[in-house]
Each structure stands twice: as C-alpha cells, then as structure tokens.
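Student: Handing you a structure now.
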Amino acid sequence: MNPTCDLPGAALAIERDRFPDPAFDLTQATPGEQLAVLAGGCFWCVEAVFRQLDGVLEVTSGYSGGDAASAHYDAVCSGRTDHAEAVAIRFDPQRIGYGRLLKVFFAVAHDPTQIDRQGNDRGRQYRSAIFWADDAQRETAAAYIRQLDEAKAFDAPIATRLVPLESFHQAEAYHQNYAALHPSQPYIAAVAAPKVTKLRQRFGDLLRAPR
C-alpha cells in the first residue's frame, strides 16, 4: 500500500440517495452463514469498513484470483501474480443481505470506476472485483450494477469485474484487523479512517452495536 494514496475520488462523494437499495437481495429465513469475497483495493481499508456492520461475523484479508504458491504479500505486491487483494466476509443473511453488502462496497468501501488501481495504489492486485460463490451471488451482483448504472451513481463506467470464486488465500497474520490495530499509521489515517467515517455518516442503521 502506498501511504500517499489519494483520498477517495469524486465518485465516492456522491450523495447516498444516488445509491439505490438492491431491488433483488439474498436473504434467508433459516439460520446459516454465507460468504462474500470482494476486492476493492487495499484490503486493510475494505476490511475496516465491513467490520463495522451488524450481521457481519468475521472479515478476513487475503488474496483471490491466483494460485496458492504465490499467495503471499511480497509476490502479490509485485503485481506479477493474478491475485487481487480481497476480503472474505462471513455474514448472517438473516441480519444483513448480500445485496446490502454490495451497496456498502460500491458506496463507501472503494471507487469502482478505477481500473487496476485505487488512488495511488496501482496494479492488478488493486482491481475492483466481486468473486461470486454461486449463480445467485452472480445474478445479484450483476443486477445491482445495472441499478447503479440506471441511477447514474457514478460519472464514469463501473469497472468492477464479476469473477467466479475459485479460491481465497488468507493473508499473513499481521494484515488481519490492521486498521483497528494501527489507527495512527499514516495510510490508515489518510485512507481507511475516512471511509469508516463515511460509513457511519451514511449507513448508521447498518452498524453493529458498540461492544
């Protein structure tokens, strides 16, 4: 991650009402956990956002889109692997739907109009991607992107890729919950913290109760 990474661009400054609720969502009436895997630039920042949400049980930073042998930080940061920095979100669909997670992903967690970058973090490892686990997730994601296009939520085309989830490799231990453990680190203070603030301002109804 580049500690001089730009703050989120104009696309993320759009008012909340430009982001519709998902017309189609995945929820379930019976108990059971689900997994969402999303990539939106630096996994420290994306993880920090989703850890705030009620119904999210666990968020793990890692790598998706490449093989196990090269799923380590030095290789991924070189840009020579097929991985994206990603987060695996284990959630309770009785409390928060997959579509609602996608709304937060697009509205707060990253700028989906940037191609293979987020601010000054450049390379395919920082691409925007939704790694869908099944056809229902793929269809939900595709439908929501169409909604965002119709709502003209962004001034530039959405570059997020829909990719089948083949594997997710957990990142090194020191990356986990990094933003919460290092709030004064310059990159976290400049990039992750404003996203969490934006989440609290726009989606207060989705936040978990203070512990």
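Student: Scan segment 89-134 for residues that are within 22 Å of residue 21 (Cα to Cα), within 14 Å of the chain's Cα centre (by Cα) and either surrounded by 20 or more Cβ atoms within 10 Å (Cβ to Cβ) or at pLDDT below 95 (or both) and report the count. Quick ask: steps written out before the conclusion?
Tutor: Residues of segment 89-134 within 22 Å of residue 21 (Cα to Cα): 89-113, 128-134.
Still in the list and also within 14 Å of the chain's Cα centre (by Cα): 89-91, 98-113, 128-132.
Among the residues that remain, those that are also either surrounded by 20 or more Cβ atoms within 10 Å (Cβ to Cβ) or at pLDDT below 95 (or both) are: 89, 91, 98-112, 128-132.
Here the count works out to 22.
Student: Within segment 155-174, can you find the residues that are of a type in the set (A, V, I, L, M, F, W, C), surrounded by fewer than 16 Cβ atoms within 10 Å (Cβ to Cβ) and over 17 Å from residue 83 (Cα atoms)? Break it down stepwise before answering.
Tutor: Initial filter on segment 155-174 (of a type in the set (A, V, I, L, M, F, W, C)): 156, 158-159, 162-163, 165, 168, 171, 173.
Narrowing the set further to residues that are surrounded by fewer than 16 Cβ atoms within 10 Å (Cβ to Cβ) leaves 156, 162, 173.
Result: 156, 173.
Student: Residue by residue through segment 1-55, note down the ones that are at pLDDT 95 or above and in a helix (DSSP H, G or I).
Tutor: Passing the criteria: 43, 44, 45, 46, 47, 48, 49, 50.
Student: Does segment 178-197 hold any residues that are free of Cβ contacts under 8 Å to residues at least 60 places away in the same chain, farther than 20 Å from residue 104 by Cα and exposed (fewer than 14 other Cβ atoms within 10 Å of the Cβ), and which are they?
Tutor: 181, 183, 184
Student: Separate question: State the number of residues belonging to segment 143-154 that are exposed (fewer than 14 other Cβ atoms within 10 Å of the Cβ) and in a helix (DSSP H, G or I).
Tutor: First, the residues of segment 143-154 that are exposed (fewer than 14 other Cβ atoms within 10 Å of the Cβ): 146, 149-152.
Restricting the remaining residues to those that are in a helix (DSSP H, G or I) gives 146, 149-150.
Of the residues in segment 143-154, 3 are exposed (fewer than 14 other Cβ atoms within 10 Å of the Cβ) and in a helix (DSSP H, G or I).
Student: In segment 174-192, how many residues are in a helix (DSSP H, G or I) and within 22 Å of residue 36 (Cβ to Cβ)? Steps first, please.
Tutor: Step one: filter segment 174-192 for residues in a helix (DSSP H, G or I), giving 174-175, 178-181, 186-192.
With within 22 Å of residue 36 (Cβ to Cβ) added as a condition, the list becomes 175, 178-180, 191-192.
So the count comes out to 6.
Student: Give me a count of the residues in segment 77-106 that are among the aliphatic types (A, V, I, L, M), farther than 17 Å from residue 54 by Cα and either touching a Phe, Trp or Tyr at 6+ places or on another chain (Cβ under 6 Å) or part of a loop (DSSP other than H, G, I, E, B) (or both).
Tutor: Here is the first cut: in segment 77-106, the residues among the aliphatic types (A, V, I, L, M) are 84, 86-89, 96, 101-102, 104.
Remaining after also requiring farther than 17 Å from residue 54 by Cα: 84, 86.
Right, trim to either touching a Phe, Trp or Tyr at 6+ places or on another chain (Cβ under 6 Å) or part of a loop (DSSP other than H, G, I, E, B) (or both) and you get none.
Number satisfying all stated conditions: 0.
The values are calculated or read from the model by the stated rules, or taken from the named source; none is laboratory data. Computed from a predicted model, the values in this text were never measured in an experiment. Using ideal geometry, Cβ is built from the backbone for each residue, glycine included, and neighbour counts are taken over all protein chains shown.
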